[in-house]
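What follows is a short report on a single structure.
Every read-out reported here was derived from the displayed coordinates using simple, explicitly stated rules and does not represent laboratory data. Please read these numbers as outputs of a predicted model, since none were measured by experiment. Neighbour counts are summed over all protein chains in view; Cβ atoms, including those assigned to glycine, are modelled from backbone coordinates with ideal geometry.
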């Protein structure tokens, strides 16, 4: 069991981020949960397991660099160091033709799904390099869409493909400083974002089909495992999905 380890989880107020935060907190990690909605973050804090470590809610908009810097400064001030970042915050757009997407809507997805992850990774790397013992781990939330798109999902899919490049660069450039980086690709977790699959979503052949989903708690368990490894060992990519969702044969 991990002890005296410190984690930051973005998008920690709901869904996958909440599940990851609660798994780590119960496993002996001090955890800072980050997101724009204070009430949701406090909901995560309220679910903390008795006997686990501390959990801190930090309301912030991670698309703003000054707020990202504040999150990391507050976390280190409270807990003393940083060992793990889960870049989880993300969003998509309603399905629609690519040519009809407004530039500002495209940019809002890029800002959160990619640029915010980059800025959070920058701050984590700076802290990992500066602290003693040196090093730490970053896991990026890639999604099944980092591999295969859904119809009419260009903004989300493009950013998730880009996350794979970010993951590879962090993993490569972090080696000399004991920094590990991996990616968790999730398919159809039963959350507010992923749970819509149960009602039916467009398929490549043009019809609408309900898709199986899985308990989001399994995503938290996957993050707990990835975070638990010593820094000389890394899960570079992991895919966790509802077994019967259309992925292997999608399209």
- Linear extension gain, residue 201 paired with residue 54, 0.36 nm per residue minus alpha-carbon span: 49.0 nm
- Query: Debye sum, Cα scatterers, the chain, no solvent: what log₁₀ I/I(0) at q = 0.12 1/Å?
  - Reply: -0.65
- Query: What nm distance separates the two modelled labels at residue 64 and residue 243, each placed 7 Å from Cα along Cα→Cβ?
  - Reply: 4.6 nm
- Task: Please work out the C-alpha center-to-center distance from the stretch 163-223 to the stretch 87-107 and express it in whole Å.
- Result: 17 Å
- Gain in span if fully extended, residue 225 to residue 101, counting 0.36 nm per residue against the direct Cα distance: 40.8 nm
- For the chain, averaging the sequence separation of alpha carbon pairs under 8 Å that lie six or more residues apart and dividing by its residue count, the contact order in percent is 18 percent
- Task: Please sort 226-235, 196-205, 91-100 by packing, taking for each peptide the average over its residues of neighbouring beta carbons within 10 angstrom, highest first.
- Result: 226-235, 196-205, 91-100
- Which value at 222 nm does the chain reach when only helices count, each DSSP H run of 4 or more adding -39,500 (n - 2.57), with the total divided by all residues and rounded to the nearest 500 deg cm²/dmol? -11500 deg cm²/dmol
